[in-house]
1. What distance in nm lies between label points placed 7 Å from Cα along the C-beta direction at A:Ala80 and A:Val275?
2. If Lys and Arg each add +1 and Asp and Glu each add -1, what is the summed charge of the other residues whose beta carbon sits under 11 Å from the beta carbon of B:Pro53?
3. Please turn the phi angles of the stretch A:183-193 into ³J(HN,Hα) values with the Karplus equation 6.51 cos²θ - 1.76 cosθ + 1.60 (θ = phi - 60°), one per residue in order, whole Hz, x for glycine and proline.
4. Report the GluC sites (Glu not before Pro) located in the stretch A:150-182 that are in a DSSP loop and have at most 11 other Cβ atoms inside 10 Å of their Cβ, or state none.
5. So between A:His206 and A:Ala73, what do we pick up on full extension, going 0.36 nm a residue minus the alpha carbon distance?
6. How much FRET efficiency would the formula 1/(1 + (r/R0)^6) give for A:Leu214 and B:Glu138, where r is the Cβ-Cβ distance and R0 is 22 Å, rounded to 0.05?
7. For the stretch A:74-294, calculate the relative contact order in percent as a whole number, restricting contacts to Cα pairs under 8 Å that are 6 or more residues apart.
8. Straight-line reach from B:Lys12: which lysines fall under 17 Å, measuring Cα to Cα and dropping same-chain residues less than 8 apart?
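Just so it is clear, none of the values below were taken in a lab; they were calculated from the coordinates. The structure displayed is predicted, hence computed values, not measured ones. Please note: Cβ atoms are built from the backbone with ideal geometry, for glycine as well, and neighbour counts cover all protein chains shown.
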Amino acid sequence: MNANQPQPSTNTTTDAAATVATATSTTVASQAQAQAQAPAPAPAAPAASTQPELTDEQILTQMQAIKDEEANAHPLVDEAIGMEELLKEYENGNPSFNLEDTHDRMRRSRGDALAFAWFERILLAPAKPELHQKALETMRESVNLLISAGFESMAYEDFYQVCIETLEALPTMVPEQLLKIFQTDELSNSIVMHFRLVASAYLKLHEAEYAPFLDFGQTMSDYCSMHVEAMGRESEEMMLIAMSKALHISVEVAYLSANDSEEVNFLPFLPDNPVYMPPLVLLYRPGHYDILYRKSHCLDGVV
Amino acid sequence: MYSKGIGATALKRLMTEYREITVHAPEGITAAPISESNFFEWEALIEGPADTPYEGGVFVALLTFPKDYPLSPPVMKFTCPMYHPNIYQDGTVCISILHAPGDDPNMYESSSERWSPVQSIEKILLSVLSMLAEPNDESGANIDASKMWRTDRKQFDAIVRRTIQHSLGL
């Protein structure tokens, strides 16, 4: 229905790759064998250190174990909880903390907050068909942004695929299903990665406007590869600006800085176009964001 | 719709990269999975660049991919003897593109190219090719080779050539 929609046609891709695999892997393997038969190198200087050497596989396994452990302790996106949970963390902190007056729930995340909040808003909105349509358009048009910014299709197609499939399936989903997707590393990471690439594309295409905010000597391309395109890096303000503009959404971020203000400080990020949904509200945490649910949004029937 | 196992995204991406690198192989580079039953272990053959002491050599390396590839980078290890400032004695390649930002074992320069999903196997191998031509002596993995490269280029070149001849069985 949309001429701009890319056609990744993954099934044929996979088959083709498999055929190619059959055709050439033997060549490389036999060449490799020839190499392997060459005299073995003198064993590397016998252990200056006595530390046991780990194989790459062991290192990867250990790293995966650490990630799994962390994942078991805290899901990527957690269940929504009452504001009193947040209050407990600040019992000995600033008494002026008053988020609970205006917000009735929150949801902890490990770095997927904005993407989850966006999907959840569309899922729960009362005017769902219109909002869903708008979201689909935005998501499809995001691919044009990636192409304009010079990304190779290989770099984004798999992530985009997960994003658009999730979005297309949204009207038939219940909230638990969406949460489940965002708690599944591979799906959640793919969606977050797409959002990151979109932010990177936006910044690269608007380099002239945002370059003044970069460190001296840093190019936008350097900045994006160091901060935006890599998973696990904190989304700084510039990235939130980019996402709000590229996705045409407004985002408000609450900063609980204890020293400079009596009130919780909300920093708004606004798109250039008129907004089509109330702002997504995030709570700044060192390294990531949590999601806040504003009471007024719930009263309007909009979560 | 989500009948995907763990590593399905990685597998799909590795298949795409395999097709790409087979069809448009860069000069001096061959790379493929060791076996069709395991796309997470690749073998790469790199020809030593012309006008460098590595010229004439063909170097074999193993690439091991994590299940969350391409979010995390592979590990690359030469299985033939290599004398180079940025290659550990055990063959492990130490180059910035194989490390995500924030993972900084060798204090790479902030502008150096890092791992992210926009990189690829081809880009890694091209970086390694240019690393052979131009070692980075600021992030040394083989201290002895780094020092030799800095202070006695003739001797360095001679050791590299000897290593190649030795590994080719000449």
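1. For A:Ala80 paired with A:Val275, the spin-label model returns 1.8 nm.
2. Details: positive: B:Arg153, B:Lys154, B:Arg161, B:Arg162; negative: B:Asp51, B:Glu55, B:Asp157.
Here the charged neighbours net out to +1.
3. My calculation for the stretch A:183-193 gives 9, 9, 2, 5, 6, 4, 4, 5, 5, 4, 5 Hz in order.
4. On the way: sites: A:Glu152, A:Glu157, A:Glu165, A:Glu168, A:Glu176; in loops: A:Glu152.
Passing both the DSSP loop test and the Cβ count: no residue.
5. Numbers: separation 133, 0.36 × 133 = 47.88 nm, distance 3.93 nm.
Between A:His206 and A:Ala73, full extension yields 43.9 nm more.
6. Working: r = 23 Å, r/R0 = 1.04.
Efficiency at R0 = 22 Å is approximately 0.45.
7. Working: 324 pairs, mean separation 59.5, N = 221.
Result for the stretch A:74-294 is 27 percent.
8. B:Lys4, B:Lys67
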